[in-house]
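Visitor: Handing you a structure now.
The values are calculated or read from the model by the stated rules, or taken from the named source; none is laboratory data. These figures come from a predicted structure and were not determined experimentally. Here the Cβ positions follow ideal geometry from the backbone for every residue, glycine too, while neighbour counts run over all protein chains shown.
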Amino acid sequence: MRPIAIVAPAIGAIAGALVWAGISYYTEYEIGYVAWGIGALIGWLGGRVGGGGTNMGIYCGALALGSIFIGKVIAIQTSGEHWLDQFLNTGLTAAAYQESREDAAAFATTESSEWRTFMVTRGFTEAKSPDRVTDDELRRFEQNHAQNLRDIAANPPSYEEWKSREEERVRASFRSEFSPMQAAKENLGPIDILFALLGIVTAFQLGRGSREQHAGNPPPAAGQV
């Protein structure tokens with residue numbers, strides 16, 4: 001396999017991942033046939049530069065799989081960061097600051113056995129009753145909110161101090177809990193899988209086609225018509 005036959009499909013895979021991520025980010029939709037097109041591009045490049053053969057087909061198929069999945073991960077990551085920026089720009093208002101002060105004052109008199117009730121009444125969970133607050137939600141509340149509420153109650157910050165502190169806390173929490181890789185796996189639907197498979201199969205077929213076609217159709221011998 002010539003070096004150009006390795007490099008060209010790899011470049012196509014990188015470009016395909018970026019295109020897939022860009023379209024998904026700007027349209028807020030995952031257009032399935034783009035994944036199919038990525039596979040076609042990679043396979044076409046693999047065959048066009050003289051690769052061909054089963055090995056090239058497998059190589060192109062693997063590149064297509066990686067390109068499609070990585071593109072999805074990048075799209076989820078950038079969308080998550082965009083959502084976070086929007087939340088920080090619009091959510092850290094004076095009204096939110098006042099609500100945080102009230103939450104802290106209420107939490108200061110709340111026993112740990114009453115945390116589930118506090119979470120429900122103060123909107124720290126989507127559960128409608130304390131018994132529906134899961135242990136995982138309770139753990140995240142303790143990690144991400146409990147100490148912060150104690151600090152606000154003990155030493156109430158100014159609005160600007162609170163805003164700066166909240167921005168750092170929310171960003172740290174987002175980065176520790178949000179996994180684009182895991183989100184990409186969880187968001188795989190039947191249509192995603194279908195078009196990804198079409199892209200992989202197309203990449204394999206186009207990538208291997210060149211050499212196999214030449215092998216199956218040798219040029220005529222001299223003097224033959």
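Visitor: Going by the structure shown, is Glu168 over 25 Å from the mean Cα position of the chain (by Cα), among the acidic types (Asp, Glu) and modelled with pLDDT of 85 or more?
Guide: On the way: over 25 Å from the mean Cα position of the chain (by Cα): no; among the acidic types (Asp, Glu): yes; modelled with pLDDT of 85 or more: yes.
Here the answer is no, as Glu168 does not meet what is asked.
Visitor: Okay, moving on. Is there any pair with a first residue in the range 57-85 that is surrounded by fewer than 19 Cβ atoms within 10 Å (Cβ to Cβ) and a second that is not aliphatic (A, V, I, L, M) and not in a helix (DSSP H, G or I) whose Cβ atoms are under 9 Å apart and which are 6 or more apart or on different chains, and what are they?
Guide: Matching pairs, first to second residue: Gln77/Phe178; Ser79/Glu28; Gly80/Phe178; Leu84/Phe178.
Visitor: If you check every pair at least six apart or on different chains, which have Cβ atoms under 7 Å apart with a residue in the range 133-155 that is part of a helix (DSSP H, G or I) first and a residue that is of a type in the set (Ser, Thr, Tyr) second?
Guide: That search, which allows pairs on different chains as well, returns Glu137/Thr125; Asn144/Ser173; Ile152/Ser100.
Visitor: Modelled with pLDDT under 95, aliphatic (A, V, I, L, M) and either more than 20 Å from Arg171 (Cα to Cα) or in contact with a helix residue (DSSP H, G or I) (Cβ under 6 Å, 6 or more places away or on another chain) (or both): does that describe Ala104?
Guide: Working: modelled with pLDDT under 95: no; aliphatic (A, V, I, L, M): yes; either more than 20 Å from Arg171 (Cα to Cα) or in contact with a helix residue (DSSP H, G or I) (Cβ under 6 Å, 6 or more places away or on another chain) (or both): yes.
For Ala104, the condition - modelled with pLDDT under 95, aliphatic (A, V, I, L, M) and either more than 20 Å from Arg171 (Cα to Cα) or in contact with a helix residue (DSSP H, G or I) (Cβ under 6 Å, 6 or more places away or on another chain) (or both) - is not met.
Visitor: Can you confirm whether the range 35-56 contains a residue that is part of a helix (DSSP H, G or I) and under 12 Å from the mean Cα position of the chain (by Cα)? Let's see the steps before the verdict.
Guide: First, the residues of the range 35-56 that are part of a helix (DSSP H, G or I): 35-48, 53-56.
Now drop any that are not under 12 Å from the mean Cα position of the chain (by Cα), which leaves none.
Looking for residues that are part of a helix (DSSP H, G or I) and under 12 Å from the mean Cα position of the chain (by Cα), one finds none in the range 35-56, hence no.
Visitor: If you don't mind, another one. Just wondering, is there one or more residues in the range 156-174 that are touching a His at 6+ places or on another chain (Cβ under 8 Å) and assigned to a loop (DSSP other than H, G, I, E, B)? Full working, then the answer.
Guide: Quick first cut of the range 156-174, residues touching a His at 6+ places or on another chain (Cβ under 8 Å) only: none.
There is no residue in the range 156-174 that is touching a His at 6+ places or on another chain (Cβ under 8 Å) and assigned to a loop (DSSP other than H, G, I, E, B).
Visitor: Oh, and also: Among all residue pairs at least 6 apart or on different chains, which show Cβ distances below 8 Å where the first residue, located in the range 186-208, is in the same structural domain as Gly12 (by TED's automatic domain parsing) and the second is part of a loop (DSSP other than H, G, I, E, B) and buried (at least 17 other Cβ atoms within 10 Å of the Cβ)?
Guide: Going by the 8 Å Cβ cut-off, the qualifying pairs are Asp192/Glu30; Gly207/Gly51; Gly207/Gly52; Arg208/Gly52.
Visitor: Is there a residue being under 30 Å from Ala5 (Cα atoms), at pLDDT below 85, assigned to a helix (DSSP H, G or I) and small (Gly, Ala, Ser) anywhere in the range 193-214? Walk me through it before giving the result.
Guide: So in the range 193-214, the residues under 30 Å from Ala5 (Cα atoms) come out as 193-214.
Going one step further and asking which of them are at pLDDT below 85, we end up with 209-214.
Now narrow it down to the ones that are assigned to a helix (DSSP H, G or I): 209-214.
In the following step, the residues that additionally are small (Gly, Ala, Ser) were identified as 209-210.
Taking every residue of the range 193-214 in turn, at least one turns out to be under 30 Å from Ala5 (Cα atoms), at pLDDT below 85, assigned to a helix (DSSP H, G or I) and small (Gly, Ala, Ser).
Visitor: Hey, any hits in the range 80-88 for a residue that's assigned to a helix (DSSP H, G or I), among the polar types (S, T, N, Q) and within 27 Å of the chain's Cα centre (by Cα)?
Guide: Of all residues in the range 80-88, those assigned to a helix (DSSP H, G or I) come to 80-88.
Among the residues that remain, those that are also among the polar types (S, T, N, Q) are: 86.
Filter once more, keeping what is within 27 Å of the chain's Cα centre (by Cα): 86.
Within the range 80-88, one or more residues are assigned to a helix (DSSP H, G or I), among the polar types (S, T, N, Q) and within 27 Å of the chain's Cα centre (by Cα).
Visitor: Let me ask another. Would you please name the residue that is farthest from Phe174 (Cα to Cα), looking only at residues in the range 107-132 that are hydroxyl-bearing (Ser, Thr, Tyr), under 34 Å from the mean Cα position of the chain (by Cα) and part of a loop (DSSP other than H, G, I, E, B)? Reasoning before the result, please.
Guide: Initial filter on the range 107-132 (hydroxyl-bearing (Ser, Thr, Tyr)): 109-110, 112-113, 117, 121, 125, 129.
So of that shortlist, the ones also under 34 Å from the mean Cα position of the chain (by Cα) come out as 117, 121, 125, 129.
This time we only want the ones that are part of a loop (DSSP other than H, G, I, E, B), so: 125, 129.
Values: Thr125: 16, Ser129: 26 Å.
The qualifying residue farthest from Phe174 (Cα to Cα) is Ser129.
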